[in-house]
Amino acid sequence: MKIIDLYNPERVNKSPDDVEILMSSGSFVQDEFVISKVELRLYKERNDDKLGAFSLITSFVETDKGSVEMIFDEGFRGDDPLKRTKDFLISNLGISALVLRSIICLREKLD
């Protein structure tokens with residue numbers, strides 16, 4: 001099962017412009033879900049002369065029962081928004097929140 005939890009799934013109907021891998025080749029268990037991959041994905045949607053690129057940053061979590069891609073952040077975020085987001089998540093235990101949020105979404109769809 002592949003879930004795209006966005007109000008407009010067409011926004012991610014292409015290859016991401018950049019990807020930051022937070023975890024891969026792992027297999028830790030969270031609430032009966034085996035988590036194998038956690039990523040942040042960057043999609044540049046448009047460019048403004050003054051503000052720069054409008055960025056859509058999604059989280060992608062792959063489990064043994066399906067995958068979930070959902071919005072993490074969006075807006076005019078300046079240079080290298082994906083790396084700054086990754087650094088923030090790593091330094092603030094945000095990866096756990098991404099995983100739990102994704103599992104909640106998967107459970108809702110599976111029930």
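The values are calculated or read from the model by the stated rules, or taken from the named source; none is laboratory data. Since we're looking at a predicted model, the values are computed, not measured. Here the Cβ is made from the backbone with ideal geometry for all residues, glycine too, and neighbour counts use every protein chain on show. Keep in mind that these areas ignore ligands, DNA and RNA; they rest on the heavy atoms of the full protein, side chains included. Shrake-Rupley method; radii C 1.70, N 1.55, O 1.52, S 1.80 Å.
Before moving on, here are some points about what is shown:
- The count of lysine pairs in the chain with alpha-carbon distances below 18 Å, taking only pairs 8 or more places apart or on different chains, stands at 11.
- Net charge over other residues, Cβ less than 14 angstrom from the Cβ of ASP80 (K, R count +1; D, E count -1): -1
- Between amide H atoms placed 1.01 Å from N, distances below 5 Å from SER67 occur with LYS2, ILE3, all of them 5 or more places distant or on a separate chain.
- Protein heavy-atom surface of the chain, 1.4 angstrom probe: 48% of the accessible area is carbon and sulfur, with nucleic acids and ligands not counted.
- Each peptide in 29-42, 54-67 was scored by the mean count of other Cβ atoms within 10 Å over its residues; highest first, the order is 54-67, 29-42.
- Using θ = phi - 60° in the Karplus curve 6.51 cos²θ - 1.76 cosθ + 1.60, the 3J(HN,Hα) couplings for the stretch 96-105 round to 4, 5, 4, 5, 5, 4, 5, 5, 4, 4 Hz; x is entered for Gly and Pro.
- What separates the Cα centres of the stretch 1-37 and the stretch 43-78 is a distance of 12 Å.
- Solvent-free Debye scattering, log10 I(q)/I(0), computed from the Cα coordinates of the chain at q = 0.13, 0.18, 0.23 Å⁻¹: -0.48, -0.88, -1.32
- With protein chains left intact and a 1.4 Å probe, residues in the chain average 59 Å² of accessible area per residue.
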